[in-house]
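J.: Below is one structure. I have some questions about it.
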Amino acid sequence: MTKTTHTNDKTEPVPKTDPTPAHDSPKLTKEIIEAVLKDVKDPELGLDVYTLALIYKYDADKDNKVSITMTFTSPFCPYGPQLMEEIEEKLKEKGATEVEIEITFDPPWKPPENLRAMLGLGEEDDSEFKVF
C-alpha cells in the first residue's frame, strides 16, 4: 500500500525512500576495494586490472567516496570506458557513494616482471617495448 499525504484536499503519493541511507553503509576498506578491482577483467587480456598493475592508487573516505588513479595498457585502449564503468558499478554495489577515477599515462604502463613472465614476454627493454 502506498502512503499518501493530504495537502489542500489533494491526495499525492509520498515518494518511497531507502530506509538505509548511504552514509550508514559499511566502511569501504582497501581490502574491499582491492577485491572489487581483482574482479574487473580486461576483456582482451583476460586478467584483472589489479594484477595487470593498471591501478596506481585507490582509497575511500569516511563517506565511502572512492578515488582511483589508474592507467590503461595504451592511451588508445578500446576497453577503457568499459573498465571504468564496470569498476564504478561494482564499487557502488559494495556501498560506494561516489567513484572518481582519474586516468593517467604518467608513468606509462609497463607490466611488472611477474606479469611479463605470465604473458610470455621476454626481458624488459624500454626502447623496444611496444607489445600493447
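J.: Can you pull out the residues in segment 26-82 that are aromatic (F, W, Y) and closer than 20 Å to P107 by Cβ? Write out each step before concluding.
T.: Step one: of segment 26-82, the residues aromatic (F, W, Y) are 50, 56, 58, 72, 76, 79.
Across segment 26-82, the qualifying residues are Y50, Y56, Y58, F72, F76.
J.: Considering only segment 91-132, state which residues are surrounded by fewer than 12 Cβ atoms within 10 Å (Cβ to Cβ), modelled with pLDDT under 85 and assigned to a helix (DSSP H, G or I).
T.: Answer for segment 91-132, where residues must be surrounded by fewer than 12 Cβ atoms within 10 Å (Cβ to Cβ), modelled with pLDDT under 85 and assigned to a helix (DSSP H, G or I): D126, S127, E128.
The rows are residues; the columns are (1) modelled with pLDDT of 95 or more; (2) surrounded by 21 or more Cβ atoms within 10 Å (Cβ to Cβ).
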{"site": "V36", "(1), (2)": "yes, yes"}
{"site": "D39", "(1), (2)": "yes, no"}
{"site": "L45", "(1), (2)": "no, no"}
{"site": "I68", "(1), (2)": "yes, yes"}
{"site": "T71", "(1), (2)": "yes, yes"}
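J.: Give the residues of segment 53-79 that are over 17 Å from T97 (Cα atoms) and β-branched (V, I, T), sorted by residue number.
T.: I55, T69, T71, T73
J.: Looking only at segment 83-111, count every residue that is over 14 Å from L54 (Cα atoms), free of Cβ contacts under 8 Å to residues at least 40 places away in the same chain and not aliphatic (A, V, I, L, M) and tell me the total. I'd like the intermediate steps shown before the answer.
T.: Narrowing segment 83-111 to residues over 14 Å from L54 (Cα atoms): 85-86, 88-100.
Cutting the leftovers down to free of Cβ contacts under 8 Å to residues at least 40 places away in the same chain gives us 85, 88-89, 92-93, 98-100.
Next, from what is left, pick out any that are not aliphatic (A, V, I, L, M): 85, 88-89, 92-93, 98, 100.
Within segment 83-111, residues that are over 14 Å from L54 (Cα atoms), free of Cβ contacts under 8 Å to residues at least 40 places away in the same chain and not aliphatic (A, V, I, L, M) number 7.
The values are calculated or read from the model by the stated rules, or taken from the named source; none is laboratory data. Note that this is a predicted model, so its numbers are computed, not measured. Positions of Cβ are backbone-derived with ideal geometry, glycine not excepted, and every protein chain shown enters the neighbour counts.
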